[in-house]
1. Mind sorting 34, 231, 99 by how few other Cβ atoms lie within 10 Å of their own Cβ, fewest first?
2. What nm distance separates the two modelled labels at residue 67 and residue 183, each placed 7 Å from Cα along Cα→Cβ?
3. Using label points projected 7 Å from each Cα along Cα→Cβ, tell me how many nm separate residue 28 and residue 59, to one decimal.
4. Once both labels are modelled 7 Å past Cα along the beta-carbon direction, what's the residue 134-residue 113 spacing in nm?
5. How would you rank 254, 72, 37, 128, going from fewest to most other Cβ atoms within 10 Å of each one's own Cβ?
6. Return 267, 234 ranked ascending by Cβ neighbour count within 10 Å, so the fewest neighbours appear first.
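Every number here is computed from the coordinates shown, using simple stated rules; none is lab data. As the structure is a computational prediction, the values presented were derived from the model and not from experiment. In this analysis, Cβ positions are derived from the backbone assuming ideal geometry, glycine residues included, and neighbour counts consider all displayed protein chains.
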């Protein structure tokens, strides 16, 4: 079976060969290719959702079979555009802004590494701001580091929170497309002098608002977790996000905060990558 990525490559080669000596034709070719990608994805969303849903159900069964920890399973819908892994070949071949793409499932996705990075930033910030302890070298060594290293790992040991890639599994009511086109327009492309300014629109793919993603992670518990909870219970502020019964509850609460307030991926400072937890 020829997947979407291979069809895109073929389309790029055909358009490039036809328009390689024509500047205006080359621009038209890039526009045609990016439109082709968006149309092909949106025409096949039901098949994509079927594959990703089946894969994630199989993954959950395998996790339960192989591990004894607690599964954290969260469904969330995009409330803004989502752009992840801009160096991915899908899209990057056209205007050097890609979108994360799983070539096996033939679907956009959010890599586990992106989720882990966003969650670690959120968790560390809440840890520092909501624990009743002064930020100094001694407390970093005795209070913060044991918690961070237990969850995320260090150069000497692996973390106990395992992240998995997140995949789209459906659309929220009233939405029809999984991807759409976005544009940025760099003005000073070749020079910063005003009279040489050359606005150059760059069109690229993003995941649309209204797409439901399923996020899976595993808290691989151990005896050390009790020590971590003892530290948290000793220094936590009452009514803070750490005032929970278990480490799993804390992680779920911060994960939801990360999705709804922090965002994932590129351009989060511009409002991209935000979700609503279902």
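1. Ordered from fewest to most neighbouring Cβ atoms within 10 Å, 34, 231, 99 come out as 231, 34, 99.
2. Taking the simple label geometry, residue 67 and residue 183 are separated by 4.4 nm.
3. 4.2
4. Once both label points are built, they end up 4.0 nm from each other.
5. Details: 254 22, 72 19, 37 25, 128 13.
Least to most surrounded, the residues fall as 128, 72, 254, 37.
6. On the way: 267 17, 234 11.
Arranged by neighbour count, lowest to highest, 267, 234 become 234, 267.
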